[in-house]
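Everything on this sheet refers to the single structure shown next.
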Amino acid sequence: MKRRMMMIGLLVIVLCAIFIVYKKTFPRSIDVTLTGVKYQLGAAGERTGTEPATVIIKGKLYTKLNGKRTFKGEVNIVGEQIPVPLDQRKLEIPFSNEGWGAMSYPYFIYGERGAVVRTEIHQSHLIFANRDFTQVSFLIADHVQGQKGENSQTIWNTENGYMLSVPATTREEALAISNKLMRDYLKTYGPLQ
């Protein structure tokens with residue numbers, strides 16, 4: 001009788017462990033459309049205000065047992081123009097321990113005969129997201145063209161860089177979301193203002 005109870009207890013523990021591993025590592029579908037605001041940091045941002053923004057995120061979130069997250073799918077900021085062909089906008093975003101992921105679009109340029117002429121990578125924004133992508137912040141990168149023959153550079157800073165946070169209706173709500181999601185990233189800079 002005692003042995004039977006121990007076997008049942010052990011079976012329950014094993015089943016719970018299997019369920020936890022399955023729940024943790026099974027890809028989660030993400031399909032959200034969120035409305036928020038785009039805003040500039042610092043004193044200049046307080047003067048210029050905000051502009052409304054909509055973000056559509058569709059894909060799957062993969063989480064390893066160690067907590068590492070990878071998103072595979074599409075992230076679209078409505079109205080944003082990027083030089084990546086529509087059929088090549090799938091992203092794979094591994095998130096760092098600090099909670100950010102780089103939105104990089106590798107894509108092909110095809111010649112007249114349909115052969116690949118060259119490959120390009122469009123470096124877009126940094127994305128911060130909570131576990132279920134119901135709160136998201138972007139560091140909006142400014143692309144500056146390099147000098148004669150140099151590639152463009154992506155720049156952003158905590159003093160006057162642009163942000164986009166969803167869901168939010170005011171700059172204050174957006175800043176609160178960004179500071180929450182970016183807590184580990186901002187340890188050396190301090191909170192955004």
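The values are calculated or read from the model by the stated rules, or taken from the named source; none is laboratory data. Quick caveat, the model's predicted, so the values are computed rather than measured. When we count neighbours, we look across all protein chains shown, and the Cβ atoms used for this are built from the backbone with ideal geometry, even at glycine.
Within region 136-153, restricting attention to residues that are surrounded by fewer than 21 Cβ atoms within 10 Å (Cβ to Cβ) and either in a strand (DSSP E or B) or in contact with a Ser or Thr (Cβ under 9 Å, 6 or more places away or on another chain) (or both), the residue that is modelled with the highest pLDDT is Ile140. The single condition from (1) under 23 Å from Asp184 (Cβ atoms); (2) among the basic types (Lys, Arg); (3) more than 19 Å from the chain's Cα centre (by Cα) that Arg3 fails is (1).
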